[in-house]
Amino acid sequence: MTRELVVEEVGPQALVVDRGRPGWAHIGVPPAGALDGPAHALAQRLVGNPPEAAGLEILLGGLALRVTGAATLALTGPPGGLRVRRAGAPERVAASHQAVHVAAGDVVVVPAPATGLRGYLAVGGGVAVAAVLGSRSADTLSGLGPAPLEVGTRLPVGPPTAIPPHGTGAVGVSVAPDAVRVRLHLGPRADWIDDAADRLRTGTWTVAPTGDRVGVRLEGPALERADARRGEELRSEGLVGGAVQVPPDGQPVVFLADHPTTGGYPVVGVVDPAELAAFAQLRPGSSVRFSPVATPPPA
């Protein structure tokens with residue numbers, strides 16, 4: 001009998017994610033994948049899955065899943081824990097960032113985190129939905145991949161591929177920050193912004209409440225067009241994850257995994273890939289500062 005995760009409750013958003021589907025931008029397909037890649041990878045490792053396995057990305061908790069067969073789960077991301085409900089037994093709380101064993105019929109609840117935004121739930125064997133263009137990730141922009149979870153969704157679970165690691169217990173957890181400074185590789189259109197490097201270095205922006213998996217909107221000092229570029233328009237150009245685009249109002253947008261593959265506003269820089277995961281956990285009102293550098297981002 002195939003094991004399944006059956007959705008009994010769902011919060012603001014819960015999606016199937018893996019490492020994404022890079023390499024399809026030429027046909028307009030975003031990379032998608034987990035916004036907080038390190039948290040997703042850690043969850044997979046804790047349950048003995050290979051790094052390419054699929055799990056769940058859960059925005060602000062609220063998800064309850066019934067397991068139809070014995071399973072090993074792990075929740076990572078912001079610190080917190082899982083609640084496990086079993087018929088005829090008191091509810092138990094299991095810490096996050098460690099493997100948790102559950103029995104057939106148990107209901108696992110992911111509560112809202114006290115900090116951060118997104119938790120990552122892995123199950124031994126991985127979420128075995130069908131792959132599309134080499135990935136099981138949902139893509140909220142193009143609509144590829146599995147639909148967002150809703151009550152009644154049934155997710156097949158693959159056979160375990162390895163025994164979860166022993167002897168580590170819970171791993172160290174970092175509290176999601178409410179202020180970050182990230183490295184920004186200038187270009188390709190920094191010359192379109194007046195004194196771009198200095199303005200980016202000295203400015204402080206806050207995360208707007210309108211962001212999603214496509215991008216994080218920032219509010220703060222406007223990045224104004226250079227005099228030589230006023231009134232000019234760009235042809236659409238390719239975009240990458242971490243691109244910081246400046247629309248006409250001067251308020252920057254940091255693109256995330258479900259970003260469009262082209263855009264017509266100037267990109268003043270690209271957030272270093274090693275630091276982009278922080279934007280997955282920044283709540284509205286969080287503070288963002290940039291450290292601009294002239295070197296190109298790693299390939």
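The values are calculated or read from the model by the stated rules, or taken from the named source; none is laboratory data. If you're wondering where the values come from, they're calculated on a predicted model, not measured in any experiment. When we count neighbours, we look across all protein chains shown, and the Cβ atoms used for this are built from the backbone with ideal geometry, even at glycine.
Yes or no: region 81-95 includes at least one residue that is closer than 24 Å to GLY20 by Cα and not acidic (Asp, Glu).
Step one: list which residues in region 81-95 are closer than 24 Å to GLY20 by Cα, which gives none.
No, the conditions are met nowhere in region 81-95.
Out of THR72, THR68, report the one residue that is among the polar types (S, T, N, Q), out of contact with any Pro (no Cβ under 7 Å at 6 or more places or on another chain) and at pLDDT 95 or above. Give the steps one after another, and end with the answer.
Details: THR72 fails: out of contact with any Pro (no Cβ under 7 Å at 6 or more places or on another chain).
Within the list THR72, THR68, the selection yields THR68.
Which ranges mark the strands (runs of 3 or more DSSP E) fully within region 8-100 that have 1 or more residues being assigned by TED's automatic domain parsing to the domain that holds GLY211?
Fully inside region 8-100 and qualifying: nothing.
Yes or no: ARG66 without any contact (Cβ under 8 Å) to a residue 60 or more places away in the chain, within 18 Å of GLU8 (Cα to Cα) and either surrounded by fewer than 21 Cβ atoms within 10 Å (Cβ to Cβ) or β-branched (Val, Ile, Thr) (or both)?
On the way: without any contact (Cβ under 8 Å) to a residue 60 or more places away in the chain: no; within 18 Å of GLU8 (Cα to Cα): yes; either surrounded by fewer than 21 Cβ atoms within 10 Å (Cβ to Cβ) or β-branched (Val, Ile, Thr) (or both): yes.
Taking the combined requirement at face value, the residue does not satisfy it.
Which condition number in (1) buried (at least 21 other Cβ atoms within 10 Å of the Cβ); (2) more than 15 Å from ALA64 (Cα to Cα); (3) under 17 Å from the mean Cα position of the chain (by Cα) is the one that ALA122 fails?
Evaluating ALA122 over (1) buried (at least 21 other Cβ atoms within 10 Å of the Cβ); (2) more than 15 Å from ALA64 (Cα to Cα); (3) under 17 Å from the mean Cα position of the chain (by Cα) leaves (2) as the failure.
Please go through region 196-231 and pick out each residue that is farther than 23 Å from VAL293 by Cα, exposed (fewer than 15 other Cβ atoms within 10 Å of the Cβ) and modelled with pLDDT of 95 or more.
Scanning region 196-231 gives PRO209, ASP212.
Tally time: how many residues in region 85-129 are without any contact (Cβ under 8 Å) to a residue 12 or more places away in the chain and closer than 19 Å to LEU5 by Cβ? Even if it seems obvious, please write down each step before you answer.
Restricting attention to region 85-129, the residues satisfying the condition of being without any contact (Cβ under 8 Å) to a residue 12 or more places away in the chain are 88-92.
From what is left, the residues that are closer than 19 Å to LEU5 by Cβ are 91-92.
So the count comes out to 2.
Kindly establish whether GLY116 is farther than 24 Å from GLY152 by Cβ and either out of contact with any strand residue (DSSP E or B) (no Cβ under 6 Å at 6 or more places or on another chain) or at pLDDT 95 or above (or both).
Values: farther than 24 Å from GLY152 by Cβ: yes; either out of contact with any strand residue (DSSP E or B) (no Cβ under 6 Å at 6 or more places or on another chain) or at pLDDT 95 or above (or both): yes.
Answer is yes for this residue.
How many of the residues in region 54-84 are of a type in the set (Gly, Ala, Ser) and under 15 Å from the mean Cα position of the chain (by Cα)?
Here is the first cut: in region 54-84, the ones of a type in the set (Gly, Ala, Ser) are 54-55, 61-62, 64, 69-71, 74, 77, 80-81.
With under 15 Å from the mean Cα position of the chain (by Cα) added as a condition, the list becomes 54-55, 61, 77.
Result for region 54-84: 4.
Taking the stated definitions as given, is VAL288 in contact with a strand residue (DSSP E or B) (Cβ under 7 Å, 6 or more places away or on another chain), in a strand (DSSP E or B), over 25 Å from GLU232 (Cβ atoms) and not aromatic (Phe, Trp, Tyr)? Talk me through it step by step, then tell me what you get.
Numbers: in contact with a strand residue (DSSP E or B) (Cβ under 7 Å, 6 or more places away or on another chain): yes; in a strand (DSSP E or B): yes; over 25 Å from GLU232 (Cβ atoms): yes; not aromatic (Phe, Trp, Tyr): yes.
Against the criterion (in contact with a strand residue (DSSP E or B) (Cβ under 7 Å, 6 or more places away or on another chain), in a strand (DSSP E or B), over 25 Å from GLU232 (Cβ atoms) and not aromatic (Phe, Trp, Tyr)), VAL288 qualifies.
I'd like the full set of residues that are part of a strand (DSSP E or B) and over 30 Å from ALA25 (Cα atoms), limited to region 101-122. Let's see the steps before the verdict.
At the first step, the residues of region 101-122 found to be part of a strand (DSSP E or B) are 101-102, 107-110, 118-122.
Those that are part of a strand (DSSP E or B) and over 30 Å from ALA25 (Cα atoms): HIS101, VAL102, VAL107, VAL108, VAL109, VAL110.
Name the residue, out of VAL175, VAL129, VAL151, that is at pLDDT 95 or above, touching a Gly at 6+ places or on another chain (Cβ under 9 Å) and in a loop (DSSP other than H, G, I, E, B). Even if it seems obvious, please write down each step before you answer.
Values: VAL175 fails: at pLDDT 95 or above; VAL151 fails: touching a Gly at 6+ places or on another chain (Cβ under 9 Å).
Selected residue: VAL129, the only one of VAL175, VAL129, VAL151 that is at pLDDT 95 or above, touching a Gly at 6+ places or on another chain (Cβ under 9 Å) and in a loop (DSSP other than H, G, I, E, B).
Can you name every residue in region 132-148 that is in a loop (DSSP other than H, G, I, E, B) and crowded, with 21+ Cβ neighbours inside 10 Å?
Quick first cut of region 132-148, residues in a loop (DSSP other than H, G, I, E, B) only: 133-134, 136-148.
The answer is ARG136, SER137, ALA138, ASP139, GLY145.
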